[in-house]
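Undergrad: Pasting a structure here, questions to come.
The values are calculated or read from the model by the stated rules, or taken from the named source; none is laboratory data. The structure displayed is predicted, hence computed values, not measured ones. Virtual Cβ from ideal backbone geometry, glycine too; neighbours counted across all protein chains shown.
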Amino acid sequence: MRRTDTRLRAAAAGFTLLEALVAVALMGIIMGVLATVAAQWLPNWSRGLLRVQRNEQLAIALDRLVLDLGAAEYVSAREPGKWVFEGDEASVSLVRSAIGPNSRGGLEYVRFSEVGNSTGRALVRMRAPFAPLAGDSTVLSSRVAFSDPVVLLRQPYHIVFAYAGADGVWKNSWQGSLPKMIRLNVLDTLTQRLLPVSTAVHSHVTLAAPAPEQTEEPQQPAAGEGRAER
């Protein structure tokens, strides 16, 4: 009877000190192995996730650029034979049909340009309600109050614009008319490499509005000619 009670008390006593030390040591070894494995794959996982996020942002930015540039409208400027459009390597300004939940229809100015801030340079889309400009309308960036800035693309990506007319010659700047094509060169500023996602946009509007006809005033006969006939 006493032996049975002793065995029951020993079984209910739990782990011995030696067993507890062995369990702690095994747990430490397992945690060390897990920490080593996690230290190896966690940085790669973080870099892969960041790369995926950047690629998604680049795809969204290119889609927005293609849609806006392709929808540029022929809007006559104050100067005869010129249209509201200007672009260089870092920015593009144009007129297109207004879009968005808060738009009231009609036309609007749209501008893409690079701006700098504390986090670096970024490509920003801005817009403004359309209104005819008096005088020279080629410098839209300084004469139109653009608002509603939306960041489309951040570093390390950089977009360089180029323009071509009917002759197919690419130029770094364009003013006064709509180009036939606009090229978007996407650069990686870290590696200075041109990315294969670079593309070109065809203008959806291929014909300009007809220019107003110039009427010629009838010529008055000279005073000497009338006397000669008499």
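Undergrad: Yes or no: Val115 closer than 16 Å to Glu89 by Cβ and touching a Pro at 6+ places or on another chain (Cβ under 9 Å)?
TA: yes
Undergrad: On to the next question. Are any residues in the stretch 56-79 loosely packed, with under 12 Cβ neighbours inside 10 Å and assigned to a loop (DSSP other than H, G, I, E, B), and if so, which ones?
TA: None - no residue of the stretch 56-79 is loosely packed, with under 12 Cβ neighbours inside 10 Å and assigned to a loop (DSSP other than H, G, I, E, B), so the list stays empty.
Undergrad: Do the conditions hold for Glu89, that is, is it in a loop (DSSP other than H, G, I, E, B) and modelled with pLDDT of 80 or more?
TA: yes
Undergrad: Do any strands (runs of 3 or more DSSP E) lying entirely in the stretch 138-230 carry at least 2 residues that are modelled with pLDDT under 85, within 30 Å of Glu56 (Cα to Cα) and aliphatic (A, V, I, L, M), and which ones are they?
TA: none
Undergrad: Of (1) of a type outside the set (D, E, K, R); (2) modelled with pLDDT of 90 or more; (3) surrounded by 12 or more Cβ atoms within 10 Å (Cβ to Cβ), Val84 satisfies all except one. Which?
TA: The single condition Val84 does not satisfy is (2).
Undergrad: Okay, next question. What residue, among those in the stretch 140-155 that are more than 18 Å from Glu73 (Cα to Cα) and touching a residue at least 40 places away in the same chain (Cβ under 8 Å), is surrounded by the most Cβ atoms within 10 Å (Cβ to Cβ)?
TA: Leu153
Undergrad: One residue is enough: does the stretch 44-55 have a residue meeting the conditions over 24 Å from the mean Cα position of the chain (by Cα), at pLDDT below 85, assigned to a helix (DSSP H, G or I) and surrounded by fewer than 10 Cβ atoms within 10 Å (Cβ to Cβ)?
TA: Looking for residues that are over 24 Å from the mean Cα position of the chain (by Cα), at pLDDT below 85, assigned to a helix (DSSP H, G or I) and surrounded by fewer than 10 Cβ atoms within 10 Å (Cβ to Cβ), one finds at least one in the stretch 44-55, hence yes.
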